[in-house]
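Just so it is clear, none of the values below were taken in a lab; they were calculated from the coordinates. Here the structure is a predicted model, which is why all the values come from computation and not from measurement. When we count neighbours, we look across all protein chains shown, and the Cβ atoms used for this are built from the backbone with ideal geometry, even at glycine.
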Amino acid sequence: MNLQIAMLLGQDGMTNGAIYALLALSILLVFTVTRVLFIPQGEFVAFGALTMATLQAGHAPALVWLLALLAVIATIADLLAGRRDTGRYRFGTGQALRLGYPFVLIGLIQVLPLESLPMALQAALTLALVVPLGPLCYRLFYQPIANAPVLILLIVSVALHVAMVGVGLLIFGPEGARTQPFGEGGLELGPITLNAQTLWVLTASLALIVALYLFFERTLYGKALRATAVNRVGARLMGISPVFAGKASFFLAALIGALSGILIAPITTIYFDSGFIISLKGFVGSIIGGLASYPVAALGALLVGLIEAFSAFFASTYKEVIVFTLIIPFLLWRSLTSRHVEEEE
Amino acid sequence: MNPRLQTEPGTPASTTVPQTRRSNAPSTRTVLAVFLAALAFAPMVLPEFQVTLLNYIGLYALVALGLVLLTGVGGLTSFGQAAFVGLGAYTTAVLTTATELPGWIAWAAGSPWLALLVGLVLTAVVAILIGSITLRLSGHYLPLGTIAWGISLYFLFGTMDILGGHTGMTGIPPISLFGWELDKGGEIFYLIWAFLLAAVLTTRNLLDSREGRAIRALKGGMVMAEAMGVNTSRSRMVIFVIAALLACASGWLYAHMQRFVNPTPFGLHIGIEYLFMAVVGGAGHVWGALVGAGVITVMKQWLQDLLPQLLGASGNFEVIVFGIMMVLILQRARDGIWPLLAKLVPVRAVHKQISASAEPLARRPMPAKGELILEAKNVTRKFGGLVANNNMSLEVRAGEILALIGPNGAGKSTMFNQLSGVDTPSAGEVLFRGQPVAGKDSREIARMGMSRTFQHVKLLPTMSVLDNVAIGAHMRGSRSVLPSAWRLDRAEEARLLKEAARQIERVGLGEHMFAEAGSLALGQQRILEIARALAADPCLLLLDEPAAGLRYKEKEALGDLLRRLRAEGMAILIVEHDMDFVMNLVDRVVVMEFGEKIAEGLPDEVQKNPAVLEAYLGGVE
């Protein structure tokens with residue numbers, strides 16, 4: 001291996017690592033706020049990538065029908081819950097907007113020239129299609145059992161992941177897809193050429209991390225989410241609705257997931273079931289962060305990307321095995337230092 | 001007699017729903033006999049396809065049973081069970097087909113039975129390794145760890161040449177049993193179901209034992225169990241290893257039934273399906289594993305035909321149905337299908353027998369009256385800038401009752417935590433029988449003879465009063481997993497239950513012996529905690545607000561009990577609010593305010609002490 005190859009591998013590793021870091025952050029966010037280990041995060045990556053590809057191919061994405069179906073079911077569930085709690089059906093503006101939204105999108109998709117839209121608009125449309133699935137998933141699958149033990153929430157996550165992979169196959173078919181790159185050429189830095197997509201991924205990830213930081217540090221909603229993560233009951237007593245916190249964190253997770261999918265789709269061919277293994281690498285990052293620390297999780301995820309790239313060069317058949325054994329030293333260290341017996345929530 | 005008989009998960013009584021005793025209902029034994037007879041004749045009357053289906057159900061149920069133990073009973077879970085199945089299958093595949101094996105393992109070549117042994121040992125080693133790095137951490141690290149394990153092993157199966165890569169390995173011989181070759185579906189059927197039934201019965205036995213109580217305490221009672229001397233990390237490891245071994249055995253049977261292995265059935269998605277089986281069937285019940293395996297296997301068969309036609313595309317769309325079904329079950333009926341089925345076939349309820357002839361358990365020698373038992377020396381505990389306890393000293397002697405009192409927020413609970421070893425003082429030390437308490441975990445402290453109750457009652461609400469109290473006697477028994485599974489622990493178990501029953505009678509809960517602990521009134525639950533603490537045969541009893549929620553008569557009875565214990569030489573420390581109760585009972589009082597000791601002495605002196613009056617009544621002008 002010479003310097004050139006090392007640079008190339010490093011660039012690959014950084015690109016993937018940046019994506020894993022984004023996923024690690026969103027996984028951590030969802031876990032600390034809702035105690036849900038959000039395994040289906042990977043499906044949002046795949047859905048984002050494949051929806052973008054569908055749009056670029058000029059087809060109407062069938063995903064919009066899933067969105068419409070879930071919105072209808074969520075509305076019915078809200079109506080029934082309203083009747084159970086207050087004795088009458090309530091249908092507010094929020095419900096009306098949620099119910100109308102997918103049908104507006106269906107109309108838009110019919111009218112717009114999908115194939116010839118500028119890429120930024122295609123990306124925006126992809127996000128508009130995929131991201132609302134996040135809060136809808138929270139409403140339908142997690143909200144009814146928001147106080148269940150972590151273990152139950154985890155099993156629900158796995159069940160949802162399994163179902164979403166099946167739905168992905170139904171909607172997108174078994175073929176993989178790759179999208180057009182965002183830009184051509186690259187940036188020459190001395191002996192290294194950073195290619196355009198790498199730059200896009202790194203800049204976008206960095207921008208998103210900064211935006212998240214500002215959101216959590218500077219805005220009231222961000223602080224509300226942080227408060228919920230620190231003390232659920234306390235935050236609730238201060239008027240922060242757990243339902244709001246749940247939906248908001250799932251919204252952010254879906255946004256980050258879909259965006260990661262859009263970023264990664266020009267680099268790797270994505271299949272309906274590719275998301276799982278990508279999000280698991282995000283999980284490895286967040287486990288390295290002890291499911292608590294954001295900076296360590298992001299660094300851990302970056303490390304996962306780098307080790308993956310280099311092990312692909314040295315021992316490509318064992319690449320995945322090497323990546324997943326990364327959690328062992330961390331778990332070992334944590335096991336040896338913790339001596340506390342505590343109750344599971 | 002309370003009509004709500006015991007219904008612990010996993011024990012024989014779990015086949016009954018709470019209901020009045022029906023004398024005309026069949027006994028569990030009868031129902032089981034009918035089921036066995038039907039099984040025995042199944043291969044003779046059913047077409048081959050159905051027999052194959054039953055074979056698969058048996059194999060899957062064996063794995064799901066492990067998950068029932070792990071998930072439903074122990075509150076842990078694993079997504080990597082399919083990988084353990086694969087470990088069993090590939091071990092036997094390699095050992096029974098290889099022509100050249102390295103010398104150290106050559107002895108196991110060619111015999112499926114030796115291969116089973118090697119597979120089980122290998123599985124146990126892997127499970128212990130995975131367990132030892134995840135089981136001491138919070139419960140969600142094990143499932144995440146098993147996901148990584150499941151994926152890694154699947155990749156290894158697919159890439160290693162010696163294992164045949166993705167094409168797999170062929171030519172695995174059938175198992176032979178006393179010269180009888182089990183090479184037909186209708187023959188290996190009996191072996192599969194014999195394995196499954198043996199596993200179900202031994203698991204049931206295990207859950208109904210000393211170890212079983214410790215295992216059942218893992219879900220929601222770990223802090224309490226540790227305080228009763230249970231090593232919860234070990235119990236978690238035990239059930240994880242058992243679950244892995246059951247999966248390995250299933251893989252061994254699978255390999256010799258199929259006579260062929262490839263990586264597909266051992267992937268992570270199958271590991272997830274096993275968990276679905278356990279949850280759908282009823283993760284808290286041993287028979288739930290069988291029901292779940294049956295339902296999922298049959299549904300899968302049916303949906304794989306139906307859905308592609310319905311949707312006009314080919315693919316494994318049944319996962320959508322399974323995923324949504326799982327979510328609905330977890331939202332609506334977390335106990336799965338088994339409890340609903342059990343309701344359809346009511347069987348006679350039986351409860352545990354207390355043997356009058358069982359030999360009493362050995363007791364620890366009690367310290368002489370007046371001997372110093374517990375001593376706190378200048379204990380200070382700071383939380384950041386807040387000083388919760390400042391320079392607190394107190395001592396408790398054998399045969400005396402000391403009360404620690406003080407207004408709300410005085411730091412009594414913090415002091416209690418320092419004394420019981422739950423928390424470590426910032427300065428000063430606590431000595432129990434001359435040995436420092438700091439740095440010891442609650443298990444060791446329990447072994448030294450300190451036993452406690454909790455301010456917020458910590459019981460296992462679905463277990464009987466008897467079983468809850470018997471956990472207290474955990475460290476007075478020694479019979480471990482294997483003797484329990486094979487019922488070699490009955491003599492010791494009878495002694496433990498007799499001791500538990502004795503303590504229950506002693507505290508006056510005799511008529512509730514077989515009731516669910518959660519059905520008792522709060523005051524009675526506090527009394528139950530005292531019985532549980534006494535079952536540990538302590539020389540020091542720490543009671544955190546024992547009289548809260550008790551009625552007048554109950555308080556009187558509690559007072560009498562504590563006086564009797566004192567007369568026997570027990571040292572007792574009470575943290576209490578109820579002044580009447582304390583002043584008529586205890587020998588000495590320590591009064592705390594703002595984290596400091598403001599008075600100490602006989603009850604009468606303390607009641608007249610101006611500082612105490614000021615603390616309680618806001619000063620005398």
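When the listed pairs B:LYS219/B:LYS300; B:LYS458/B:LYS555; B:LYS219/B:LYS412; B:LYS382/B:LYS412 are checked against a 25 Å cut-off, the alpha-carbon distance exceeds it for B:LYS219/B:LYS300; B:LYS219/B:LYS412. The GluC sites (Glu not before Pro) of the range B:502-599 that meet both conditions, a loop assignment by DSSP and at most 12 other Cβ atoms within 10 Å of the site Cβ, are B:GLU568. The order of A:VAL296, B:VAL481, B:VAL396, going from fewest to most other C-beta atoms within 10 Å of their C-beta, is A:VAL296, B:VAL481, B:VAL396. Per residue, the convex hull around the alpha carbon atoms of the range B:463-535 comes to 78 Å³.
In chain A, helices alone account for a calculated mean residue ellipticity at 222 nm of -24000 deg cm²/dmol, with every DSSP H run of four or more residues adding -39,500 (n - 2.57). With springs only between Cα atoms under 10 Å, which of A:GLY234, A:GLY176, A:GLY58 fluctuates most in a Gaussian network model of chain A? Among A:GLY234, A:GLY176, A:GLY58, the largest GNM mean-square fluctuation belongs to A:GLY234. Beta bridges per DSSP, both residues in the protein assembly as shown: antiparallel share near 65 percent. Restricting the calculation to alpha carbons of chain B gives Rg and Dmax of 28.7, 99 angstrom.
Summarising the overall dimensions of the range B:47-302 from its C-alpha atoms, the Rg and Dmax are 17.8, 56 angstrom. Backbone geometry of the range B:418-431 corresponds, through the Karplus equation with coefficients 6.51, -1.76 and 1.60 at θ = phi - 60°, to 3J(HN,Hα) couplings of 5, 5, 8, x, 5, 10, 10, x, 6, 8, x, 9, 10, 10 Hz, x marking Gly and Pro. Sorting the Cα pairs of the protein assembly as shown by distance into bins of 20 Å, from 0 upward, gives 12, 38, 35, 13, 1 percent per bin.
Contact order, relative form, for chain B: 18 percent (alpha carbon pairs under 8 Å, 6 or more residues apart, mean separation divided by residue count). Ordering B:PHE84, B:LEU122, B:ASN205 by the projection of their Cα atoms onto the charge dipole of the range B:47-302, which places +1 on the Cβ of Lys and Arg and -1 on the Cβ of Asp and Glu, puts B:ASN205 at the extreme positive end. By other beta-carbon atoms within 10 Å, ranking A:ARG334, A:ARG88 with the fewest at the front produces A:ARG88, A:ARG334. Please build a GNM for chain A, connecting alpha carbons under 10 Å apart, and tell me which residue among A:LEU70, A:LEU127, A:LEU194 fluctuates the most. Taking springs between Cα atoms under 10 Å, the residue moving most is A:LEU194. With respect to chain B, whose longest principal axis is taken over its alpha-carbon atoms, helix B:318-332 is tilted by about 20°. In terms of other Cβ atoms within 10 Å, A:SER116, B:SER250, B:SER519 run from fewest to most in the order A:SER116, B:SER519, B:SER250. Distances between placed amide hydrogens fall under 5 Å for B:LEU177 paired with B:LEU182, all partners being 5 or more residues away or on another chain.
Taking K and R as +1 and D and E as -1, what net charge do the other residues with C-beta under 15 Å from the C-beta of A:GLY94 add up to? Result for the local shell: +3. Annotation note: chymotrypsin sites (Phe, Trp or Tyr not before Pro) in the range B:364-438 located in DSSP loop regions with a Cβ neighbour count of at most 14 within 10 Å are absent. When chain A is treated as a GNM with alpha-carbon contacts under 10 Å, the residue of A:THR54, A:THR34, A:THR325 showing the greatest mean-square fluctuation is A:THR325.
Here the Kirkwood formula, the inverse mean of 1/r across different C-alpha pairs, assigns the range B:234-274 a hydrodynamic radius of 11.5 Å. Restriction of the trypsin sites (Lys or Arg not before Pro) in the range B:530-575 to DSSP coil positions whose beta-carbon has at most 15 other beta-carbons within 10 angstrom yields B:ARG551.
Normalised Debye scattering of the range A:134-292 at q = 0.12, 0.16 Å⁻¹ gives log10 I(q)/I(0) of -0.70, -1.13, counting only Cα atoms as equal scatterers and leaving out solvent.
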